[in-house]
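Right, one structure below, let's go through it.
The values are calculated or read from the model by the stated rules, or taken from the named source; none is laboratory data. Values in this document were obtained by computation on a predicted structure and should not be read as measured data. Don't worry about glycine lacking a Cβ; one is built from the backbone with ideal geometry, like all the others, and counts go over all protein chains shown.
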Amino acid sequence: MVTLNELMLRALLLLVVVFALAWPVARGERLKRGLALFEDVFSGVFLSTGLAVVLISVFMRYVLNDPPGWADEFARVFVAWGAMFGFSLALRERRHITVDMLHAALPPGGKRFLDLLAHLLGAIFSAFLAVTGWAFIMFQKMLDLRSIYTDIPEWILMFILPLGFFLFGLRFAVNFYDLWRGEVQEPEEVPGV
């Protein structure tokens, strides 16, 4: 079993790695476009595949009267994977829901400091969740848990937890560097919200 202190130390090490990887991404347009393409393609592929599995399941259940047992599991996995990549994409475009009452009242320097702090805390939290997700995956692997319908090891289906949170941490770190250098566009305001 992994202790909290070990998890925190591993998260700190991962945080250093994430910021080291984010530096060249934030400074290089090709790497930044490559990361964006990765997020776009994988979120689209997994969400589309999840939707296709749901549609196949509905058709087989209500038209052919032969519901596949595997469909619910695959739909859940594909949508979860697509959502995790999509969350990183939303973070890239600064489209996550925010509570900006304090932010709106601050002068530009205060807003910048608050944004930097938010991205730093987001990277720290993401690194911790990536490390704990990895510990969870290793625990599942040790138990050799398998899917009921497909006999696929559960750790493979749940691998999105450490991968997704690693990607969040990387995106938070890239955004942190962009903010630090003053290269961030303001998010689009949604009227009436």
Residues of the stretch 1-37 being under 19 Å from PHE172 (Cβ atoms), hydrophobic (A, V, I, L, M, F, W, C), touching a residue at least 24 places away in the same chain (Cβ under 8 Å) and surrounded by fewer than 18 Cβ atoms within 10 Å (Cβ to Cβ), which ones? LEU7, MET8, LEU12, LEU21, TRP23, ALA36
Name the residues in the stretch 52-69 that are out of contact with any Phe, Trp or Tyr (no Cβ under 8 Å at 6 or more places or on another chain) and assigned to a helix (DSSP H, G or I), would you? ALA52, VAL54, LEU55, ILE56, SER57, VAL58, PHE59, MET60, ARG61, TYR62
May I ask you to verify whether MET158 is modelled with pLDDT under 95 and under 27 Å from ALA22 (Cα atoms)? yes
I'd like the residue in the stretch 103-122 that is within 17 Å of PHE19 (Cβ to Cβ) and touching a helix residue (DSSP H, G or I) at 6+ places or on another chain (Cβ under 7 Å) and, out of all such residues, is surrounded by the fewest Cβ atoms within 10 Å (Cβ to Cβ). LEU116
Do we find that ASP100 is out of contact with any helix residue (DSSP H, G or I) (no Cβ under 7 Å at 6 or more places or on another chain), surrounded by 11 or more Cβ atoms within 10 Å (Cβ to Cβ), among the acidic types (Asp, Glu) and more than 26 Å from LEU9 (Cα to Cα) in this structure? yes
Considering each of ILE148, ILE160, ILE156, ILE152 in turn, give the residue that is buried (at least 20 other Cβ atoms within 10 Å of the Cβ), more than 18 Å from LEU7 (Cα to Cα), out of contact with any Cys (no Cβ under 6 Å at 6 or more places or on another chain) and of a type in the set (A, V, I, L, M, F, W, C). ILE160
Across (1) in contact with a helix residue (DSSP H, G or I) (Cβ under 7 Å, 6 or more places away or on another chain); (2) among the hydrophobic types (A, V, I, L, M, F, W, C); (3) more than 23 Å from ARG181 (Cα to Cα), LEU35 clears everything bar (3)
